[in-house]
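Asks: Would you mind keeping the following structure in view while I ask a few things?
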Amino acid sequence: MRVFVVPLLLFVGCMPPKRATLEQLAARSSFDLACPPMQMQLYDFGERAKGVAGCGRRLTYVEQCEAGSCAWVIDSPAEIGWTAPPAPTPRPAAPPPGPPPAAPLATAQPGDRDWGF
């Protein structure tokens, strides 16, 4: 009785790698930045590139796949002292449409003195 193992090995070798998850990225970046996950922000640079900022630092990660599994790997040096830009302040509401305000009344009359002020 012959057993053919070669096709099975070829099939297993052709399976796509298991993708890295955002949960793995959160755990990894929390460790790398020494920052709790609740204080971090995620920036999406594409399917396989992410940025993480928190606790005054930020890093860029790329998904790297080898031997059937993937992991998030640092792709940039840590930027220390970085702070997120402030949120934009809302603009004041525009005045409601209507007639323009009336011009101020002139207070000077002919014959009044000019006091030089």
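The values are calculated or read from the model by the stated rules, or taken from the named source; none is laboratory data. Everything numeric in this text was worked out from a predicted model, so none of it was measured. Here Cβ is always computed from backbone atoms with ideal geometry, including for glycine, and neighbour counts include all displayed protein chains.
Asks: Do we have Ser69 as among the hydroxyl-bearing types (Ser, Thr, Tyr), out of contact with any Phe, Trp or Tyr (no Cβ under 9 Å at 6 or more places or on another chain), surrounded by 14 or more Cβ atoms within 10 Å (Cβ to Cβ) and at pLDDT 75 or above here?
Replies: Answer is no for this residue.
Asks: Same structure again: Find the residue count for the range 10-56, including only residues that are modelled with pLDDT under 90 and in a strand (DSSP E or B).
Replies: Residues that pass the stated criteria total 1.
Asks: Hey, among Ile80, Ile74, which residue is at pLDDT below 90, closer than 22 Å to Gln41 by Cα and in contact with a Lys or Arg (Cβ under 9 Å, 6 or more places away or on another chain)?
Replies: Unique residue meeting the criteria: Ile80.
Asks: To continue, here is another question. Quick one: what pairs do we get from the range 19-46, first residue within 20 Å of Glu66 (Cβ to Cβ), second of a type outside the set (D, E, K, R) and loosely packed, with under 12 Cβ neighbours inside 10 Å, C-beta under 8 Å, 6+ apart or different chains?
Replies: Between residues of the range 19-46 that are within 20 Å of Glu66 (Cβ to Cβ) and residues that are of a type outside the set (D, E, K, R) and loosely packed, with under 12 Cβ neighbours inside 10 Å, there is no close pair.
Asks: Given the criteria of a type in the set (Val, Ile, Thr) and modelled with pLDDT of 65 or more, does Val62 qualify?
Replies: Judged against the criteria, Val62 is a match.
Asks: Would you say Thr107 is among the hydroxyl-bearing types (Ser, Thr, Tyr), modelled with pLDDT under 70 and exposed (fewer than 10 other Cβ atoms within 10 Å of the Cβ)?
Replies: When the stated conditions are applied, Thr107 passes them.
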